[in-house]
Amino acid sequence: MNFRNEALLRLKTILDRNFRSLRYYNYRLYWIAQLISVTGTWMQNVALAWLVVTMTGSPVALGTATALQFLPILILSLFAGVFIDRWPKLNIILATQSVSAVQAFLLWILVATKVITLWEIYVLSLLIGLVNAFDQPGRQAFVAEMVPDEDVGNAIALNSLLFNAARTVGPAAAGITIAELGVAPSFLLNALSFVAIIVALLMMRRADLRTFITKVQSSMKEGLREGISFAVNEPAIASILIVLIFVGTFGYNFNTILPLLVKFVLKGGPQMFGVVTAALGIGSMMGAFFVAGRQKPTRKFIYTFAVVFAVVDIGISFSRHYLLTVLLLVALGMASISYIATTNTSLQMNSPMRLRGRIMGLYVVIFAGSTPIGALFTGFVADWIGTARMILVEGLLCLVGVGSGLLYLKRRKAFQKAEVAVEPVPGDTKSS
């Protein structure tokens, strides 16, 4: 009996520690509403891809629709970061979520009435891409306004947890909905899911938010230059971004890699694809739960999990056994979320509040905006040398990124020591 009570007490302690950000009213509202909304978004992503494929039978059409959703993020997120630092983030997110709801509603009407065309899909895909260019950095920076600094890392980890839970539930729900009712209801359900986040944002206690708005004393161009200059000249930020450029571009192409892995390496079908996708999602949730229990991210932690991510990726390239690959994908999911959640936290904690919108804009540009580049690289290299060797190359490039970040830090430290060495001594009047 004592052992049982002790175990329950220990479990309660772990849960209290790992979910501690939910103690805050605003974040609790936001987290629950986001879980509903992001699940709806994943339903729409699956339904839209299926709609394009069934309408056209063209991989190019599907690739174009996907690219239109990500290219605005690549082009606009840096400028969006300046805008986000100058306006209340809650108001910005209210606007972006409302437009997203309208976009989903329009898709539902066009699909339900059977009048939708490919060009309308392209236009609405571009619209959601434009919205996300502001929404994604805005939501990333908004987390730090709902919880104190010591819990920012936990809140970001819990965001990763809900995202991966939604990524697991949403596609499954979309598959069932499409099979039973057709494509259209998924768009309607996504539109309705935005009601949760809009209501939650309206119910927030604004007085409890740690709102920080930059006074407009410079042009958009100067504001952008200030954010980039800070990121480049602050070693704690620059070194993290160097690694992210490599890992984000070459490591996080799961939507492209997994189908190729199943078809050309494991020689499996749709059922196997569902299992490997679920394995990655389960590992990601485990990683998010692990990170949520940590008090403070460290640079060593970031680099360690970037290396683990790359090594596991390389291991997958050599595996030809189904079960081993599934286990490796669980490990990859854990490493990927542990790395990216800690990277996000470190970028925010090493940035002043007045610049966090711009730093998060830079983060989104590198991480999400590089998706079209990484997807194209993955496709062309896989076609050239095969899927397994492509995964090996991308794993090695991730290791190159880690090495580049460490080399940068080493050189910056050497440069700073050299600057100190040549600094004139006060009162020294010696002349040459």
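Readers should treat all values here as calculations from the given coordinates under stated rules, not as data from a laboratory. Note that the structure is a prediction, hence the values are computed from the model and not measured. Don't worry about glycine lacking a Cβ; one is built from the backbone with ideal geometry, like all the others, and counts go over all protein chains shown.
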If one computes P(r) from the Cα atoms of the range 229-269, what percent of pairs lie at distances over 15 Å?
58 percent
Just the ratio, please: alpha-carbon radius of gyration of the range 133-226 over 2.2 N^0.38 Å, N its number of residues.
1.46
Set the Förster radius R0 to 30 Å, insert the Cβ-Cβ distance between V275 and A61 as r into 1/(1 + (r/R0)^6), and round the FRET efficiency to 0.05.
0.60
Over the Cα atoms of the range 100-140, compute the convex hull volume and normalise it per residue, giving Å³.
51 Å³
Stokes-Einstein D (µm²/s) once Rh is taken as the Kirkwood radius of the range 1-203 over alpha-carbon pairs, at 37 °C in 0.692 mPa s
179 µm²/s
Mean Kyte-Doolittle of at least 1.0 plus a Cα span of 18 Å or more along the axis: flag which DSSP H helices in the chain meet both, please.
59-86, 89-112, 152-181, 184-203, 235-250, 270-292, 299-318, 322-349, 371-385
How far is it, in nm, from the label point at K114 to the one at R17 when both lie 7 Å from their Cα along the line to the Cβ?
5.9 nm
Can you give me the convex hull volume of the Cα atoms of the range 220-417, divided per residue and expressed in Å³?
124 Å³
What per residue convex hull volume, in Å³, comes out for the chain when only alpha-carbon positions are used?
202 Å³
FRET efficiency (Y25, M220; Cβ distance; R0 35 Å; to 0.05) is 0.50
Over the residues of the range 61-128, compute the C-alpha Rg and express it relative to 2.2 N^0.38 Å.
1.29
Taking the Cβ of each residue in E150, E226 as the centre, tally the other Cβ atoms inside 10 Å and list the residues starting with the fewest.
E150, E226
Charge tally in the Cβ shell below 13 Å around R294, where Lys, Arg are +1 and Asp, Glu are -1, R294 excluded
+2
In nanometres, the difference between 0.36 nm per residue of separation and the alpha-carbon distance of T298 and I385 is 27.6 nm
Spatial separation of Cα centroids for the range 33-105 and the range 144-168, in angstrom
20 Å
Starting from the Cα-Cα distance between L406 and E6, subtract it from 0.36 nm times their residue separation and give me the gain in nm to one decimal.
139.7 nm
Going fewest to most other Cβ atoms within 10 Å around each Cβ, Y339, Y122 line up as Y122, Y339
